[in-house]
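For reference, the structure is listed below as structure tokens.
Every number here is computed from the coordinates shown, using simple stated rules; none is lab data. The structure displayed is predicted, hence computed values, not measured ones. Reconstructed Cβ throughout: ideal geometry from the backbone, glycine too, with neighbour counts over all protein chains shown.
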Amino acid sequence: MRFLTVLAAVLWLASCSDRSITAIVPDAVDVGTPRTVFAASARAREADGSYGYRRANRLQFLELTVSIPPTHTPGSLNLSYGRPDPETQFVLAGQEVFTSPELLRRRLLDDQREQDSPIREVTLFVHGYNATQNETAFRAAQLANDIEIPGSLMIYSWPSRARAFGYAYDLDSMLFARDGLEQTIRQLKASGAERIVLVAHSMGAALSMEMMRQAEIREPGWSDRMLEGVVLISPDLDVDVFRTQMDRIGTVPQPFVVMVSRKDPALNISARLRGTAESRRLGNIDSIDRIADYPVDVIDTTAFSGDAASRHFVAATSPALVTLLSSAPAMGEAFGPEETSFDFLIPGGVEVSGRAKEIILARPGEDR
């Protein structure tokens, strides 16, 4: 009964505001650090120019300019929907809609030149449940800034309801968005991207796995040819479903990383909603034995959940873990052209079961 009362309170509070409307403040680039975030959106564009929860008939590609405030500290994401303060908050400073794939290709090339990047690489971030387009751009910019992700940054914005009570709608939207995500990756390749790393959070991980599965049915080996690496963060995904998806993929892109935490309340709720409170989602598994058949690196972030602003997104919101990841000497090469294992990048214990490897992170100075 207590669980139901708390859940009802959360749903009521979440229904009281519209987070899809965010002010655009062009002058913010003169205050903060600008970051270009490209976007492929499966959301319908509203009359006011915003992108809400309605599903679009076709993809739209955009360029968003995010201003990172000068007061930003690693792991934090301070924002406002009404009157954002560029001194202290992430701000949307610009939004341009591309009218043709050629314009996207040109801007991606320009972005690579501006970064003096020797390799045309793109990190494609897929958000999870209960997220707006602009929130996703802010989170992707924050993560890329804090961990110093190289290359261009793109988000895939699928039509989440952006409400706590919208879980069922989001499940349907996740399935709706599979074709658009595959199309986005194909468009990036056609635009000259040589290396694409797919980073997906929560329900976005389920979307990414479903997308790869359907592409493999049509073109065996597609995922390995198109993707340089895959990172699933706190995946809200049934373990048995994950196994069937991996069986279909066959040749799994490498590296293939799953970041988990045994102290993830959101995934506990997800299991309860499915009537399987005693079971585990992929993102909070306590053993890698059930996925030992697959070449995956499981990174256990449980030790860092205590200082994380979101225990469902420890990798982005734990200042200690963000600092650790950004300072790892080989992190910049983790998605290099050669297959790379993560066990030497970050401190912690390593356990191996079959083809799977688990890196159990430990806070500096602590025993695991």
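Overview of values
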quantity	calculated
Separation in nanometres of the label points that stand 7 Å from Cα toward Cβ, at ARG54 and ARG83	3.0
Estimated FRET transfer efficiency when R0 is 51 angstrom, pair THR99-GLU148 (beta carbons, to 0.05)	0.95
Histogram of C-alpha separations across region 117-198, 10 Å bin width, %	18, 44, 31, 8, 0
Binned Cα-Cα distances of the chain, short to long, each 10 Å bin given as a whole percent	5, 25, 36, 26, 8, 0
Separation in nanometres of the label points that stand 7 Å from Cα toward Cβ, at THR71 and LEU273	3.4
The chain: calculated mean residue ellipticity at 222 nm from DSSP helix runs of at least 4, using -39500 (n - 2.57)	-9500 deg cm²/dmol
Separation between Cα centres of region 54-129 and region 251-313, rounded to whole Å	28
Cβ-based net charge around PHE90, under 11 Å, with every Lys or Arg adding one and every Asp or Glu removing one	0
Spin-label pair ASP224/ASP286, simplified geometry with 7 Å Cα→Cβ offset, distance in nm	3.5
The chain: relative contact order in percent, alpha carbon pairs under 8 Å with at least 6 residues between	14
Intensity falloff of region 194-284 expressed as log10 I(q)/I(0), Debye formula with alpha-carbon point scatterers, at q = 0.25 Å⁻¹	-1.24
Volume of the Cα convex hull of region 286-329, divided per residue and given in Å³	89
The chain: antiparallel DSSP beta bridges as a percent of all, rounded to 5	40
Residue among THR323, THR123, THR136 with the largest mean-square fluctuation in a Gaussian network model of the chain, springs linking Cα atoms under 10 Å	THR323
